[in-house]
Amino acid sequence: MKVQLVILPFALFASACISDHGFVGNDDVGGGSGPQIQVTPEVVEFGSLGRDETVVDIFRVTNVGTGELEVSGIEIEGTSTSFTILTPLEDLTFTLPATASADIEVAFAPVGANEQHAQAMIASNDEDTPRLAVDLYGEGLIPDLEIDPSPYDFGDAYIGCMHAGDLDLINVGYDDLTLSTIELTGGSGAFSITRSPSLPLTLAPAEWTTVSVDFYPDSEADFSSVLQVTHDAPGGLDRSSIEGRGIYAGDYTDSWEIPYDPPVDLFFAVDQSGSMDDDARSLATNFSTFISQLSSYTTDWHLLVANDDDGCNDHGGYMTNSSPGYLNAFQTAVQAGGGYYTESLLTVASVAIEKTDSGECNQGFMRADALLHIILVSDEPEQSSGSWATYVSQLQAKKGSTANVKISAIAGDYPSGCGSAAPGTGYYEAVQATGGEFLSICSNWATMVEALADASVQLSDYELSHTADPNTIVVRVNGTQDTSSWVFEPSTNTVVFRTDIPEGGDTIRITYSAFANCD
């Protein structure tokens, strides 16, 4: 440790002072009434110091008035912590008679690089100068870490999205700086360090490294943490607060009014292999039951049967409630056809729906505002070349909606099959993905066709217009909040009613907060 001056213990000086220190003598007494404070020197320069060096100096407080000067305290003020008053605390409150003086001892040991500045603030009963400052200056020739920016504020950040930020660790000092640890402490797990240098790391003066921090808010709240860096500079530790606030992209309300006579587009594809003759005949026989049940809900239906590879109906196109002889036409269609894809009915359905545009064989069948209900009948597993998910996606893309596409199947029980029917693998998964009905081909046909008619008009899936946070969804049916009849399917962003499915005349109102598109 380097010491510039050694000071004797605190004392009061009643006689003239040594002139080469610039102190005020008795002949400088102001002569005014009451106490008057004077400090010499008013600026203390400690010079430039390196690591582990200390300099001690003094300033003198003198009463140049006629009354007693009462000093009630002396404190270091300012941003630098490199300066310390060495005079004992109990000696910093004292009384000076006229002309008396007191020496205050101050040390400078740099804990920061470059110019260091603070003030020794003296409080007294001098009415003209109740607070008098002594400026303290020194220069630190030491390593010094600066974290830039500090604090780091991500600001408003979308919930569910990853937000990246960089903080530079800079040696702003005059000597090498070695970093030992870099970590996040306290606060929330919403912050994480994603890129950091290998440690220990020595930075030369003016050299820097970068730490990358990610912010992933999961709720609408304020988040904070602290980046903490340990090193070999004086103090050994620096911190920077990291802050951010999670926000939603917006709050939304989607509404639906269910018509009393809802439109529905019905598509049938029936396996025409030899083992299906009896089943196709049973479906044809029970079609009148299906139509009767459907008519209790709506007469606004389109119906298309396509069993050949081309996906077309060569028996008069699609049918409506006003089509003459539609009963016989349906019965004939479900028992005719075949082709290479007769046991690959998702392929047939996909081809048929692709051909609903103007100029195609099934033009006019599919309507924008109608539920598309695809009904597939087979005693074999689905055998298309692609996965069931591929065809479901194609059908939903063509429709332009996931909520308005429903696939139902009459097939062998899943997963074990029934009677002579193999399990309806592929059909089962497509049904589950779209909220349709999976019915056993070994069951009563009259009951099955009634269930299919019910599924054709009960819209249970409601696709939201923005990507919703499930925790914020509120569903109201006819103005009353429903908390138990529905579930949310994140993969399709839909509210799906499991019970108490809304019917014609009902109004659905769904409010929610939405995630942002993070791309």
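Numbers below:
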item	result
Length gained when the stretch Ala206-Asp148 is fully extended (0.36 nm per residue, less Cα-Cα span)	19.6 nm
Under 21 Å, Cα to Cα: Lys pairs in the chain, sequence gap 8 or more or different chains	4
Estimated FRET transfer efficiency when R0 is 41 angstrom, pair Thr129-Ser48 (beta carbons, to 0.05)	0.85
Paramagnetic reach from Asn321 (point 7 Å along Cα→Cβ, amide N under 18 Å) across segment 347-381	365-373
Gained length - Asp91 relative to Ile193, 0.36 nm times residue gap less alpha-carbon distance	31.8 nm
Once the Cα gyration tensor of the chain is diagonalised, semi-axes √(5λ) in Å	91, 25, 16
Qualifying trypsin sites (Lys or Arg not before Pro) in segment 430-519, DSSP loop, other Cβ atoms within 10 Å at most 11	Arg498
Residues Ser296 and Cys442, FRET efficiency given R0 of 22 Å [Cβ-Cβ distance, rounded to 0.05]	0.25
For segment 356-415 versus segment 276-330, the gap between their alpha-carbon centres in whole angstrom	16 Å
Projected-area average for segment 188-268 over all orientations - Cα convex hull basis, square nanometres	12.2 nm²
Estimated translational D of segment 406-458 in µm²/s (Stokes, Kirkwood radius over Cα pairs; 20 °C; 1.002 mPa s)	194 µm²/s
R0 of 51 Å, Cβ-Cβ distance Glu257-Asp218: FRET efficiency to nearest 0.05	0.90
Cα Rg, Dmax (largest Cα-Cα span) when computed across segment 330-442, Å	13.9, 43
Segment 179-218 versus segment 438-459: alpha-carbon centroid distance in Å	61 Å
Extension gain (nm, one decimal) between Ser241 and Glu463, 0.36 nm per residue minus Cα-Cα	75.8 nm
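Since every read-out is calculated from the coordinates, none of them should be taken as a lab result. Note that the structure is predicted; figures quoted are calculated from it, not measured. Methodologically, a virtual Cβ is constructed for each residue, glycine included, from the backbone with ideal geometry; neighbour enumeration extends over all protein chains shown.
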